[in-house]
Amino acid sequence: MVTQKTVATTGNLFVAEAIRQALPDVIPVYPITPQTTVVEEIAKFAANGRIDAEYVAVESEHSAMSAAIGASAAGVRVVTATASQGLALMWEELYIASGMRLPIVMFNANRALSAPINIHCDHSDIMGARDTGWLILFAETAQEAYDNTLVSFRIAEHPDVLLPVMTTADGFITTHTVDRADTLDDETARAFVGKYKPTHALLDFDNPVSHGAFAGLGGPYFEFKQQQRRAIDGSLGIIKEIIAEYSAISGRPFDVVEGWGMEDADVAIVVIGSTAGNVRHVARRLRAQGIKAGVLKIRVFRPFPTAGIRDALKGAKAVAVLDRSDSPGAEGGPLYFEVKSALYDLDHRVPVVNYVYGLGGSDVRTELIERVYKDLGDIASGAIGPFDMTYLGCR
Amino acid sequence: MKWDISRVNVWGAEEFPHGAVIPEAGNSVYYKVSGWRSQRPCRDEEACTQCLLCWAYCPDSSVVVKNGEVVGFDYDHCKGCGICAVECPVNRKFGRSAIEMVSGGSDLPEPGLGDANGTPAGAAAAISEVG
């Protein structure tokens, strides 16, 4: 029987709980703000015998991901966690993990990158990893962070996926504020995640294999990359199936993209992560005033749910994409490109504008969201035309 | 080799094992790397004390030992790194070490080539013994 416990704690501790319930075998990890309390909690689980895993205190994130790759190739379930500069330090290994098709699960506490030094939320770190071949999930709340973490193991280890997954939550906003969430009982969570069955384990002495082969000098590197591309493209349907199975158990239905008021929205904001709540709050107030406001939250960013986004936005008169990171020198932020590109094949043009907001934890106040909806109203009515990327609320 | 890779050059992306895994052990023996070599080791059988340091140090298991004695080199897999020649100790009786790197690269040496290049006498014989 499924029993759930309602708990009030931080997003990070909910993530640590999901990691404990998933029964990982090896956890090579290095602490970094704002992910540290995940590491501390897992270390406590290991020290107190609440988790039967090899906890490896490594000397850097470069080592953390290297050890994760080695352990995963050996054929066990591996999980790690990082943030910001730590994720940046893992950069070369991220590609190796996905290229070797190793189903590592990693939690990232989304945080700004230096300089100037800053420890607060934005998506510069995670967006820097968007082309690494990892699947990327975003959480708005602690509940979503917990649920996303549990499903990540199933997605990564699915035999038709076999790719690493990053499950993320916004630094401090979601990782450190105390939130209410329901957790599954251990037995249910473990039964859902299941046992990991590696296909080519280095430690399977009866079926010896080599990992990390060379595929250059005219070798099949290109073919391996296509194989990887097909796997991540094909993972979208598998993710939906796994989410549906999880939703049936947990009673918390969710999807790769989630719309609020999108059925008839004239003005819509596309957003990822914790800010979705602020945007919904404003949209709800505007609806009460008769403005058809909608919110489209992207929960799975890689693979990018292009069709779902196109479908949700096709009827809007004006769309704003909120980017919590920038691509300096480009037309706008990374989410903007992908949303705008998804809309290109529509028969009619939906005006799309881009706001970069909240860098380095800069406050996202409701009046800023109101301003965005007001701009969209002006575009929808024809009072103004679409404009270039704007730093929202920056002095 | 159990794993049939005879058509590897025309395989489509889905025919390769995931993640460039090689699902069979020990098959690198079929991969000949003599073309990587710019120099090859030559051994003077007279000066060789059979200390086996070359065998111990060779990173590619390309020093061939039979009945506890070095008999030559596996030139299909020797990449010409020269570690054996560096580690080979000087034989005080001869005033030189037994292994020397000589030009010649990837091709197996012709009989007498070693002598023409001023290599230690007997090297060609040792090489031909291994074939």
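The values are calculated or read from the model by the stated rules, or taken from the named source; none is laboratory data. For clarity, every value in this text was computed on a predicted model and none was experimentally measured. Reconstructed Cβ throughout: ideal geometry from the backbone, glycine too, with neighbour counts over all protein chains shown.
Structure data summary
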quantity: Some residue of the range A:48-60 being over 18 Å from A:TYR196 (Cα atoms) and buried (at least 22 other Cβ atoms within 10 Å of the Cβ); calculated: no
quantity: Breaking point among (1) surrounded by fewer than 18 Cβ atoms within 10 Å (Cβ to Cβ); (2) under 27 Å from the mean Cα position of the chain (by Cα), for A:ARG287; calculated: (2)
quantity: Positions within the range A:263-279 being surrounded by 20 or more Cβ atoms within 10 Å (Cβ to Cβ) and either among the β-branched types (Val, Ile, Thr) or closer than 21 Å to A:GLY315 by Cβ (or both), in sequence order; calculated: A:ALA265, A:VAL267, A:ALA268, A:ILE269, A:VAL270, A:VAL271, A:ILE272, A:THR275, A:ALA276, A:VAL279
quantity: Leading residue by the ranking (surrounded by the fewest Cβ atoms within 10 Å (Cβ to Cβ)) among those in the range B:91-114 that are modelled with pLDDT of 95 or more and hydrophobic (A, V, I, L, M, F, W, C); calculated: B:MET101
quantity: Residue selected from the range B:1-33 under the condition closer than 11 Å to A:PRO220 by Cα and aliphatic (A, V, I, L, M), by the criterion surrounded by the fewest Cβ atoms within 10 Å (Cβ to Cβ); calculated: B:VAL10
quantity: Set A:THR390, A:THR306, A:THR366: member being modelled with pLDDT of 95 or more, within 17 Å of A:TRP260 (Cβ to Cβ) and of a type in the set (S, T, N, Q); calculated: A:THR366
quantity: Of all residues in the range A:324-356 being under 18 Å from the mean Cα position of the chain (by Cα) and among the hydroxyl-bearing types (Ser, Thr, Tyr), the one that is farthest from A:ARG395 (Cα to Cα); calculated: A:TYR336
quantity: Residue among A:ARG101, A:ARG111, A:ARG130, A:ARG77 that alone is surrounded by fewer than 21 Cβ atoms within 10 Å (Cβ to Cβ) and of a type in the set (Lys, Arg); calculated: A:ARG130
quantity: Subset of the range A:297-316 (residues that are in a helix (DSSP H, G or I) and charged (D, E, K, R)); calculated: A:ARG310, A:ASP311
quantity: Every residue from the range A:200-211 that is surrounded by 15 or more Cβ atoms within 10 Å (Cβ to Cβ) and either of a type in the set (Gly, Ala, Ser) or more than 7 Å from every other protein chain (Cβ to nearest Cβ) (or both); calculated: A:ALA201, A:LEU202, A:SER210
quantity: Output for the range A:226-249, where each listed residue is facing chain B (nearest Cβ under 9 Å) and in contact (Cβ under 8 Å) with a residue 12 or more places away in the chain; calculated: A:GLN228, A:ALA231
